[in-house]
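Report on the following structure.
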Amino acid sequence: MMVAGWRGGAAEEVPMKRKGVFAGLMVLVVAVCALAVTYWVLHRERPSSEVQLYVVNQDGQPLPDCFMSTARRGYDGPVAPIAVTTNAQGAVKYHISYGIYDIEISCPGYIYGEAHDNTAVIEVDQPRIIRRIVMQDVPMPVLGGAVVDGLLQQ
């Protein structure tokens, strides 16, 4: 805004330009701060937990050499699934950040879950988690018996 006066308005033009530059700098500072906060929220260090899983049969005996793939549910960030194999005691141990995870278990001769989809769900929400995963024996087919959905039909 220029005010006409005895100097022809030139005296008012300089402060208006400074206000415009100041306003522009303030918008830039706010935008940089918003980007910094967004980056921090997306990439901050999340709490993690030591997870110990023990895979056993119905009698409580450890199941070695079971393959387990762990993926975070509902998270599409740059985290690859964790793939591990149980040791001689049927155990695995690893560190993962807090969240809900699907653990797909592949153990020859055994199944897991109500729907026999071999997927366990674990919620990691404390510094240390220890869980037993009990696998069910898969009955061996008998000659003349039919197998439906992995279960022997008599």
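Annotations for the structure displayed:
- Pairs, first over 19 Å from T86 (Cα atoms) in the stretch 107-123, second of a type in the set (V, I, T) and at pLDDT below 90, C-beta under 7 Å, six or more apart: E123/I100
- Of all residues in the stretch 46-68 being at pLDDT below 90 and either under 20 Å from I130 (Cβ atoms) or of a type in the set (A, V, I, L, M, F, W, C) (or both), the one that is surrounded by the fewest Cβ atoms within 10 Å (Cβ to Cβ): P47
- Considering only residues in the stretch 112-135 that are surrounded by fewer than 18 Cβ atoms within 10 Å (Cβ to Cβ), more than 20 Å from the chain's Cα centre (by Cα) and at pLDDT 90 or above, the one that is farthest from Y54 (Cα to Cα) turns out to be V134.
- Failed criterion for Y75 (all others in (1) in contact with a Gly (Cβ under 7 Å, 6 or more places away or on another chain); (2) at pLDDT 85 or above hold): (2)
The values are calculated or read from the model by the stated rules, or taken from the named source; none is laboratory data. Because the structure is predicted, anything quoted here is derived from the model rather than measured. Using ideal geometry, Cβ is built from the backbone for each residue, glycine included, and neighbour counts are taken over all protein chains shown.
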